[in-house]
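Chemist: Dropping the structure in here first, questions after.
Please treat every number below as a calculation from the coordinates, not as lab data. Remember, it's a predicted structure, so these values are computed and weren't measured experimentally. Virtual Cβ from ideal backbone geometry, glycine too; neighbours counted across all protein chains shown.
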Amino acid sequence: MDYILYILIFVIGALCGKFISIFVNRKQPTKQGNKKIDFVKLFIEILTGVIFILFASSIKLSLITSPVSIFIYFIVGVIYLTILLAIAGIDKKKIIVDKSLLIIGYICVTAYMIYLYITERPLDISVYRYVIYLVLACFLVLFSVIYLKRKGKDSYTIDILMLSIFIILYTYEAVYIYTVIITLVAVAIQLIINSIVKRKKNSKYVKGIKIENSKIPIGFYMGVANIMALFITNFTMFYL
């Protein structure tokens, strides 16, 4: 029975991957890069399906033994992972955090907060933490709008802070700390590699790729690191 469930989860993941590829590959060239874009889309769809299966496996999702609360957690997690992967993909290409996706994420987390409030009683401290972080998110959105009006551009730092709150809301503080550690390691490795390449080539370009003054896609690394940290934490909690 669970085999059918996991096949369905993979299909849902592939469909969500199609949605992600649409966001990531917006305004891409259509003639010369058609084959490359098609391959990237297929890769994203398969990867998303695999990620969804790993997520379901990490919480031992089963039609027979899993309670309703676990299925609700999984559904919210699917939305969370879809949004996070789309944000990471866009940031990898453009070094921007898509605010529209973040706002959708905040709305979904708010709905989940209301569900927890109803099912886990108002005195549950986990519910109040959602309220605190959502208030902080509202302030950051306000600061972001003010910064945009004054400077005429978005603040990447504020956007990363908004992404951080989105991550904390679903995965909690401990997983976020692991996410930050993995992200810092990944960023450090990229900086070292860039430094070595620039010293060897002593040029702005290496095989057509600009190295000097290149920005680090922190949002991309945070997204990948958070998925890794979330899965490791879930497998540890549910299997050990």
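Chemist: Name the residue farthest towards the positive end of the dipole of the chain from the options Val224, Leu102, Ile189, assuming +1 on Cβ of Lys and Arg, -1 on Cβ of Asp and Glu, about the Cα centre.
Modeler: Positive-most Cα among the choices belongs to Ile189.
Chemist: Now a separate question. Under the rule a/c < 1.5 gives rounded, and otherwise a/b versus b/c splits prolate from oblate, where does region 153-202 land using the Cα gyration tensor?
Modeler: Oblate shape, in that a/c is at least 1.5 and b/c is the bigger or equal ratio.
Chemist: Let me ask something additional. Pop the C-beta distance of Lys18 and Ser57 into the FRET formula with R0 = 22 Å and round what comes out to the nearest 0.05.
Modeler: Working from the Cβ atoms, E equals 0.50.
Chemist: Tell me, what are the semi-axes, in whole angstrom and largest first, of the equivalent ellipsoid of the chain as set by the roots of 5 times the Cα gyration tensor eigenvalues?
Modeler: Calculated on Cα positions only, the semi-axes equal 32, 24, 18 Å.
Chemist: So, with +1 on the Cβ of K and R and -1 on the Cβ of D and E, and no other charges, what is the size of the charge dipole of the chain about its Cα centre, to the nearest 20 debye?
Modeler: Magnitude of the dipole: close to 1660 debye.
Chemist: Among Tyr147, Tyr133, Tyr170, whose Cα sits farthest toward the positive end of the charge dipole of region 89-176 (+1 at Cβ of Lys/Arg, -1 at Cβ of Asp/Glu, about the Cα centre)?
Modeler: Going by the charge dipole, the pick is Tyr147.
Chemist: With loop defined by DSSP as not H, G, I, E or B, and exposure as at most 16 other Cβ atoms within 10 Å, which is the longest segment of the chain clear of exposed trypsin sites (Lys or Arg not before Pro)?
Modeler: Answer - 61-152.
Chemist: If you add up the charges near Ile218, with Lys and Arg at +1 and Asp and Glu at -1, over every other residue whose beta carbon is less than 10 angstrom from its beta carbon, what do you get?
Modeler: Net of charged neighbours comes to -1.
Chemist: Still on this structure, please answer the following. Mind telling me which of Ser144, Ser69, Ser57 comes out most flexible in a GNM of the chain, alpha-carbon contacts under 10 Å?
Modeler: Maximum fluctuation in the GNM of the chain, among the listed residues, is at Ser69.
Chemist: As an exercise, use a Förster radius of 30 Å and the Cβ-Cβ distance of Leu8 and Lys93 to find the FRET efficiency, rounded to the nearest 0.05.
Modeler: Once the sixth-power term is evaluated, E becomes 0.45.
Chemist: Once you list every other residue whose beta carbon is under 12 Å from the beta carbon of Val141, what net charge do they have if Lys and Arg are +1 and Asp and Glu are -1?
Modeler: Net local charge, Val141 excluded: -1.
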